[in-house]
1. Along the charge dipole of the stretch B:184-328, which of B:297, B:222, B:210 sits closest to the positive end, that is, farthest toward it, with unit charges on the beta carbon of Lys, Arg, Asp and Glu (+1, +1, -1, -1)?
2. For the pairs A:28/A:70; A:196/B:36; C:290/C:311; C:23/C:84; C:251/C:313, note any where the Cα-Cα span goes beyond 23 Å.
3. Report, in debye and to the nearest 20, how large the dipole of the stretch B:151-232 comes out about its Cα centre when Lys and Arg carry +1 and Asp and Glu carry -1 on their Cβ.
4. Return the loop-located trypsin sites (Lys or Arg not before Pro) in the stretch B:257-293 (DSSP other than H, G, I, E, B) with at most 10 other Cβ atoms within 10 Å of their own Cβ; answer none if there are none.
5. Helix-derived [θ] at 222 nm for chain A: sum -39500 (n - 2.57) over DSSP H runs of at least 4, divide by residue count, nearest 500?
6. At 7 Å along the Cα-to-beta-carbon direction for both residue B:41 and residue B:189, put a label point, then send me their distance in nm to one decimal.
7. Per residue of C:223-229, count partner chain C-beta atoms within 10 Å of its C-beta, then hand back the mean as an integer.
8. As I understand it, the value is the acute angle between the Cα axis of helix B:203-212 and the longest principal axis of the Cα atoms of chain B; what does it come to in degrees, rounded to 10?
Amino acid sequence: MMEPLLKVENLKKYFPVRGLLRTIGYVKAVDDVSFTINRGETFGLVGESGCGKTTTGRTILRLVEPTSGKIIFNGKDVTKIRGEEMKEFRRRAQIMFQDPYSSLNPRQTVFEVIMEPVRFHGIPVDDPEEFVIKLLESVGLNEMHLYRYPHEFSGGQRQRIALARLLALKPEFIVLDEPTSALDVSVQANILNMLKDLQKKYGFTYLFISHDLGVVKYMSHRMGVMYLGKLVEVGPAEKIFENPLHPYTQMLLSAIPVPDPDLARELKAKRMNVEGEPPSPINPPQGCHFHPRCPFAKAGLCDKKEPPLIEVEKDHYVACWLYAKS
Amino acid sequence: MTQEEYKKGILDRLSDKLVDVIASFISLFKKDWKKKNRSKMEEWKLMLYALNRSPPGLIGLILIGMFIFLGIFGPSIAPWSYRYFPVFENMSTYLAPPGTEAYLPFSEKTITYPLGADHYGRDLVSLILYGARTSFVISIIVILLGVPLGIILGLIAGYYGGKIDELIMRITDMFLAFPALILAIAFSAVLPERLQGFINNHEFFESLFLKIFALQPQEAGNLGKLLAVILAMVIVWWPAYARITRGSTLTEREKLYVEAAKAIGLSSRTIMFKHILPNIIGPILVYITLDFGGVILMEAGLSFLSLGATPPIADWGRIVYDGSQYFPEKWWLVTFSGFMILLVALGWNLLGDTLRDILDPKMRRSIEFKVKKQKQMEQMEKEGEENV
Amino acid sequence: MSEPILEVRDLTVHFYTYAGIVKAIEDVSFDVYKGETFALVGETGCGKSVTSRAFTQLIESPGRIVKGKVIYHKEDGSTIDLLKLDEEEVRKIRGKEVAYIFQDPHASLDPLYTVGHQIAEAMVVHNTVKDWKEGFRKAVDILRRVLIPDPENRVKNYPHELSGGMKQRVVIGTGISNNPRILIADEPTTALDVTVQAQILELMNKLKREYNTTLILITHNMGVVAEMADRVAVMYAGKIAEIGSVDQIFKNPLHPYTQGLLRAVPNPLAKIERLDAIPGTVPNLIKPPKGCRFHPRCPHATEACRKEVPKLKEIEPGHFVACHLY
């Protein structure tokens, strides 16, 4: 059960900021991030826009080349592989995108969309039509949709098509990059349930990226909270929601509007004072990136030294000086 | 679908038939093609409906249809050969005005001139028919060579970006920095001898080009100049395509489906040609259509400057040039051949503009809307009454 | 308390598009009371935005207000039908008595003018200030009221110099610059991050209390509704499904759609094993289902639902529902 499928070690992705003639700085989109994902579990990654969660997901799949660090997939570092090995990695690790309106080629029918990767990876299929219909049925679509174009489908249906394409490759690991944030709540619930069912059935491992804490809680076994390119807290989802350690996590949790009027009134009274906005990742603050917004920031420590990830309780890590022993 | 609810004209019904016939034809070779491409056929029909609603587009289509017909069959239906010079038999055929009849003593034939004659006494109708072939072949070769070159370079530049992009686009800029006509003139002046040498050494190409231009063997020595113009135009033609393709590729490559294709592991080449190209080809097609007219105009311009087609090869631009010496007293040479150039250029432009509307999904919907507007107006009025 | 400021009756808006007549909203009726926060909730395309825009005839071609009344109770107690006014008269109401805040703060501000100019302009147009000079002076006050730090200097900033949250504060500032009696906020926080959203909601509550403004909040986020609203109207496919106080809606939802919607939202503070999704998709409004528009997705649909359009019925005081079950 606790066998790691993916281990990310000190992953960094810096995007150069070009001036007129030379590079004048770097956006540290992902800055020294490490975590592991166990086989068969869902690891949630939350954070606000621009915190680097999407870049993390893409860097792990090498859709964006990492600046440094290791991505160990099935015990093998995939940061340097090429050719056949890369092709095999592409089959085993897949991604589902946020925007269902641009993630499908408008000129391909559903059949072509799904068969293209299958043909490319040489997966043997007896009857392509039947194969695709079976896949469509497993995501709640049917035969009728086989030869239609993406523009004939709603957002939720397109996400299902995208999902069917992933399933065709029988991957082990899927990055879900905000798969439901463009969808309505009632449709979102359908897709989330389906993702859970498929995980149970095929033993998928998910990296679930989202800014919606409710959705992450629903989906994840373990989760990480990102702020300005850094992981500030990692641990089992339940523990993080019950007992958030990092001041940023606490702030996030107290800021979510709760769909329950009584609870909302109650929480309003003891809500944390939420202040400020995330600064630009081009010039992040010195020391702990969060210290300018942090109510507990200690001058001389938090604004000088970056906190390491500290294991506070079993499997629950936090990068905050509040929890440093001595 | 909903189309059945609206009135279809005879053209629309013809369009439906046409699409169905084409679909059945393809189905003969590809099993189940019809079933798999129902959505595509639906869209084709809509495009044709849109075309049917656009009188300029139909006029353009008719003009171009006629041009293509003349380009292919013109030399075969021409009553007289372009290399037949009546003036040597009967001096009165020299620049004979339209409507003249003349007797040719050696060949013992009577020649009539519906549109007049040139200074060799050649029938202008025949010359225009032969000239249609010349323009047709030149425009096709230029587009066929220049456009793919530009598209490929533009795709590569846009897709890879960085240094490759920089290199390709700077070269493109170099070509675009010169006025196209000047550059073409320069190349057409420099290239003929080498091309002539090549033609002289390769009999296959010599006979091939003579055949496609519908020329007689005596013209072998003039092919060099003709091909020089073609090559010159290819050289000035691709940069514009490289630039527009690069532009569209830059927007398209940011779309998620391209990243999805990468995530599957597809090669850059597959992504460029199978995914990006089909999605950007629409605007390029429009551009090509408009450009056909441009090629014909430039070719006529170059011939007018005595580059390209040498007499006695029939060429519209050349006829205008030759006729201009006798203009305005002998008006027919300039007028009729000039008019042909005008019609063809106009035809391509009308067609191109309509194509732009048809290929743009939004415009297509709006044309579709016009088709259906009538019915909606009625409904609106009815509701308006209820409202009061 | 229950003194109406806006009475909407049988409001119907149709869009005449290429594909047919989109019946965006039909026979929408409700009251908004003075000083309350009234939330219009629903999914994409349910007509909540169209409804709010129709109040001041902000419907653009190909849309048309087909019928209905929007009775507005003026400060002096007289009433007018906003839909009967001509363009000139309605402009005097719009922005001055009824102000709007739209979803995307980036698109709501003109990048070519300073924020001070844009706030001043709103006042100059309605003659609430003597001249531009006074307008600029008041703009500083307004920026202070929407809690923008250092307003004297910020007033000279261009929109691109401000963060997303700051921009939305400016937009709110423009909205309240003429002390409107009704403020319509259309998804005011959807484009913002959670922590910023919490700040903006807090700010709107504060302003509402200070100026006794009536707030009409349009959102799809049930959490935001629970936090902010006094009364709620749930819309589905262009019709009102249910109206009630926030407690009635959340604790005793009557309409099957409201029930489904509430169960489909993953609550971050509760433990959920499985979300109850609403099957099916939102209907096409060109050919909406006959009878109750929700019946194809409704678990309790009967023969009557398929034939008859349900009317809004008062089940308990102030709690209306349009469903044949009651």
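Values in this text are rule-based calculations from the coordinates and carry no lab data. Model, not experiment: these values are computed from the prediction. Every residue, glycine as well, gets a Cβ built from its backbone with ideal geometry; the counts of neighbours run over all protein chains shown.
1. Of the listed residues, the answer is B:297.
2. Values: A:28/A:70 17 Å; A:196/B:36 32 Å; C:290/C:311 14 Å; C:23/C:84 21 Å; C:251/C:313 18 Å.
Among A:28/A:70; A:196/B:36; C:290/C:311; C:23/C:84; C:251/C:313, the Cα-Cα distance tops 23 Å for A:196/B:36.
3. Approximately 60 debye in magnitude.
4. Qualifying residues, ordered by number: none.
5. Details: 10 runs with 103 residues, N = 326.
For chain A, the value works out to -9500 deg cm²/dmol.
6. Roughly 5.8 nm, to one decimal.
7. Working: counts 7, 4, 4, 9, 12, 3, 2.
The per-residue average across the peptide is 6.
8. Computed tilt is about 80 degrees.
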